Amino acid sequence: MATAHTLSPIQSFLDALRAKYADYREGEVATYIPELAKADPELFGICIATTDGYVYEVGDSRQNFTIQSISKPFVYGLALDDHGAELILRKVGVEPSGDAFNAISLHKVTGCPLNPMINAGAIATTGQIVADSPEQRIGRILEMFARYSGRPMAIDQDVYESESRTGHRNRAIGHLLRNFDVLVDDPTATVDAYFRQCAISVTCADLALLGATLANQGLNPVTGQRAIKEQHVENVLSVMASCGMYDFSGGWIYNVGMPAKSGVAGGVLAVLPGQLGIGVYSPRLDAQGNSARALKVCEELSRAWELHQFNPPYCPQTSRRLAYTAAERSSSRTRHSSHRGFLREHGQRIHVVEMQSNLAFSTTEPIVRAVLERVGRPLAVILDFHHVSAINGVAVRMLVDLAEALSRRGAMVHFTHTHRHEVMRNQVASYLADRGEVEALFRYHSTDGAIERCEDVLLEELNASAVSSQRNLDEYEITAALTEEEISLFASLLKHRSHASGEKIISSGEEATNLLLITKGVVGVWLGGGASEGNRVASFSVGTMVGEMAFLDGARRSADVIAEGEVETAAFEIADFVRLQQSHPGLHTKILRNIAVSLATKLRKVNQDVSVLSAARD
């Protein structure tokens, strides 16, 4: 069972939620079972477990208490597994009673309990568990709970004995059930087994995992063990939704919107099917016998994270599309070989996560968790929204909180491809108010642009040569393996030019007469209309060359090349290159080879990007 990262905004929210209600002291500890009256009323724990077994917890989440009535839906599920729904429905109904949990509430005609969540129905359900002896019955119940929780379960003997000494009303219910043949065995032994099942010791974390197992269609998300047959999960969740909170069940499902069950020891378990389980523990109870603090916590969780089951996000697939680092997939900037070496070695500090589908709490939480688990101490984290179809306010807050947590650790955070999500940008602006952080988050439209800038920062941090610095000609790609004499001859052939920022240095469609060496600054390569309308597909920095394809094959230029800031270039004319073949064939061959190596390097990067895109998909 993995536990939450300390930087997680989900964890931070739970910390704040517990702090908010720590001073809430409405309600009283249960006293009708004397042993329960000994509970410390200040105990307060919250735990959330996801359907992939990840746990967020705060406060007294590992404090032991007894499960009490929270055992009822799980034992009901075991009875369904033993006999099937048709037989069990003849013994116990599924209609809300509107009565207190300990009411003697039986159907006027059949004598059957109205539902398995009141004591009468729960005792009847316990009596349906297949066993040859009372000991075997409670043994099977303990084994069942161990499958849900992933650990051995035990009975709190003191609470059991206290319940047994004071449980005369439940014994009366047992005999009444025997009178109507709902129970066919000795009711005393069945009621005793019921007392024992209610006295099973659990923690808040256990409750959350019990809920996550139901949310996961009956499979324990940590152990992978099946706890209940899949076809009966919906039956259990249905009675929890309609009857699990006693005569507050209607208000609960209206306000909170999750199947749930409470216990008089102070526990509350809630389930969001397909997504998570929630466990809350606080001993003070309200008038209906539900934990007063737990109700507040669950209501706020449902509202803050939009967990109401009747308002689900449409989430047909995983929300994380791709995840990679700049060491695996760099920007489209063609850099000097020394810079490429630095980035291969240190680029893992720049992380990119591409998201998709509909972002709500349940689909954003795995992204937040994956980022925190993956990045360590990053230089930068880039969240790409290009494939996100919709995003709600909860997801926005979670991602902004994540960005702030990473920023506090010194990381740059950028949200890219957000142009289709103007509502999200407004929500972010509203959420951050006047903190001046909105512009930084949305500084880069494209992920490639954000990666490129983060690479620049990384190179500067590593004390690599500045991106726009001059280089000696012998450090250029095109002069690799040339002798000093050959470099001198080659330099005499170059025609140097200066270009203002925004100047179009090469135009798409024009005849190619040369290739250009970048001697200062950066140039961008644009397709489909230049910087105003087109797409920037690549860029080149000092020491690299641009235009070599048309230089070799004689075709017309296929893209625009535009100066990004002040730029200086050195043009190598095709005519001079042709003449070298006659006058200096060795130099011609070396230059041709270096141009081919440059093209091969670019092709290799394309292959690497394709490989990363294939391997990084979930």
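A few remarks follow.
- Residues located in segment 70-93, provided they are of a type in the set (Gly, Ala, Ser) and within 13 Å of Asn235 (Cα to Cα): Gly77, Ala79, Gly84, Ala85, Gly93
- Residue ID - nearest to Tyr160 (Cα to Cα), chosen from residues in segment 178-217 that are surrounded by 21 or more Cβ atoms within 10 Å (Cβ to Cβ) and charged (D, E, K, R): Arg196
- Filtered residues of segment 318-354 (kept if part of a strand (DSSP E or B) and either basic (Lys, Arg) or farther than 30 Å from Pro273 by Cβ (or both)): Arg320, Arg321, Tyr324, Thr325, Arg333, Thr334, Ile350, His351, Val352
- Of the helices (runs of 4 or more DSSP H) contained entirely in segment 1-96, those carrying at least 1 residues that are of a type in the set (Val, Ile, Thr) and within 30 Å of the chain's Cα centre (by Cα) fall at 9-21.
- Verdict on Val523 being in contact with an Asp or Glu (Cβ under 7 Å, 6 or more places away or on another chain), among the β-branched types (Val, Ile, Thr) and closer than 21 Å to Ile478 by Cα: yes
- Subset tally (residues that are in a helix (DSSP H, G or I), touching a residue at least 60 places away in the same chain (Cβ under 8 Å) and farther than 21 Å from Lys91 by Cβ) for segment 166-210: 8
- Note on segment 22-57: among residues that are of a type in the set (Phe, Trp, Tyr) and buried (at least 19 other Cβ atoms within 10 Å of the Cβ), the one that is nearest to Leu214 (Cα to Cα) is Tyr54.
- Lone unmet requirement of (1) assigned to a strand (DSSP E or B); (2) under 17 Å from Arg321 (Cα atoms) for Val413: (2)
- Qualifying residue in segment 161-175 (condition: of a type in the set (A, V, I, L, M, F, W, C) and modelled with pLDDT of 95 or more): no
- Taking segment 495-568 and the strands (runs of 3 or more DSSP E) fully enclosed by it, the elements with 2 or more residues that are crowded, with 21+ Cβ neighbours inside 10 Å and without any contact (Cβ under 8 Å) to a residue 60 or more places away in the chain are at 514-527.
- Any hit, segment 355-363, residues being part of a helix (DSSP H, G or I), among the small types (Gly, Ala, Ser), in contact with a strand residue (DSSP E or B) (Cβ under 9 Å, 6 or more places away or on another chain) and in the same structural domain as Phe415 (by TED's automatic domain parsing): yes
- Scanning segment 386-408 for residues that are under 19 Å from Arg453 (Cβ atoms) and surrounded by fewer than 21 Cβ atoms within 10 Å (Cβ to Cβ) turns up His386, Ser407.
- Number of the exception - Val280 against (1) assigned to a helix (DSSP H, G or I); (2) within 19 Å of Ser69 (Cα to Cα): (1)
- Residue count for segment 474-494, restricted to those that are polar (S, T, N, Q) and either touching a residue at least 24 places away in the same chain (Cβ under 8 Å) or farther than 22 Å from His588 by Cβ (or both): 1.
- Every residue from segment 218-247 that is without any contact (Cβ under 8 Å) to a residue 40 or more places away in the chain and surrounded by fewer than 17 Cβ atoms within 10 Å (Cβ to Cβ): Gly224, Glu230, Gln231, Glu234
- Selection status of Gly244, touching a strand residue (DSSP E or B) at 6+ places or on another chain (Cβ under 9 Å) and at pLDDT 95 or above: no
- Filter result for the condition that a residue is modelled with pLDDT under 95 and at positive phi, over Gly53, Gly93, Gly59, Gly27: Gly53
- Number of the exception - Asp401 against (1) assigned to a helix (DSSP H, G or I); (2) under 14 Å from the mean Cα position of the chain (by Cα); (3) more than 24 Å from Gly277 (Cα to Cα): (3)
- Residue in segment 557-573 that is over 25 Å from Asp474 (Cβ atoms), in contact with a helix residue (DSSP H, G or I) (Cβ under 6 Å, 6 or more places away or on another chain) and not aliphatic (A, V, I, L, M) present: yes
- Among the residues here, Val438 does not qualify as more than 18 Å from Arg408 (Cβ to Cβ) and modelled with pLDDT under 80.
The values are calculated or read from the model by the stated rules, or taken from the named source; none is laboratory data. All figures in this text were calculated on a predicted structure; none of them were measured in a lab. Virtual Cβ from ideal backbone geometry, glycine too; neighbours counted across all protein chains shown.
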